[in-house]
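This report refers to the structure that appears directly beneath it.
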Amino acid sequence: MRFNNAIPGAVLIVFALAEIAYATTFPRLFGQNYGPDLFPILIGVGLLICGVILIFQGLGQRAAGPLVEVGDWAQNRRNVVNIAILIGCVVLYILASDALGFIPLSLFILTTLLVRFGSGWRTSLILATATTFIIHTLFAKILLVPLPWGILLPVAW
């Protein structure tokens, strides 16, 4: 799928404005002219400028073609279903990670995706299990970022 540059430019501008608005809510540091909001605001201004540039490029391309052009991959039903499953897995994780936990959801999602994309069941389960425990260990023990335990909270290590 191909978008005219005006579309991602507009999305980038909306994101930049939201990011700048959120950064202005950061607390001020006593006795300083700048605070923790400075760097995010500077990034937001940069994104805003990039969005404006993309919109101007998109307006120049408008005569050359449509705003959205669907590629050949979208003609294959399997590709469209794969994209839908992938997006569904992300939404499932967002909605259910607190209740079910990272480990069960990660095992389910990784196994589902690996099988869907062509791996065998045994290989998928082994890879999903190894990947899940490596990611969990990396986040919990090395980066000290807790992942949700969900239903496994009684046996959390």
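The values are calculated or read from the model by the stated rules, or taken from the named source; none is laboratory data. This structure is a prediction, so every number in the text was calculated from the model and none was measured. Heads up, the Cβs are rebuilt from the backbone with ideal geometry, glycines too, and the neighbour counts pull from every protein chain shown.
Of a type in the set (Gly, Ala, Ser), over 30 Å from Gly58 (Cβ atoms) and at pLDDT below 95 - does that describe any residue in segment 72-79? No.
Residues that are under 22 Å from Trp157 (Cα atoms) and not in a loop (DSSP other than H, G, I, E, B) within segment 94-108 comprise Ala96, Ser97, Asp98, Ala99, Leu100, Phe102, Ile103, Pro104, Leu105, Ser106, Leu107, Phe108, listed in sequence order.
Here is a yes/no grid of residues against (1) surrounded by fewer than 11 Cβ atoms within 10 Å (Cβ to Cβ); (2) in the same structural domain as Ala21 (by TED's automatic domain parsing):
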| site | (1), (2) |
| --- | --- |
| Ile49 | no, yes |
| Leu59 | no, yes |
| Leu86 | no, no |
| Val91 | yes, no |
| Pro104 | no, no |
| Ile134 | yes, no |
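Of the candidates Trp149, Trp121, the single residue that is assigned by TED's automatic domain parsing to the domain that holds Ala96 and surrounded by fewer than 16 Cβ atoms within 10 Å (Cβ to Cβ) is Trp121.
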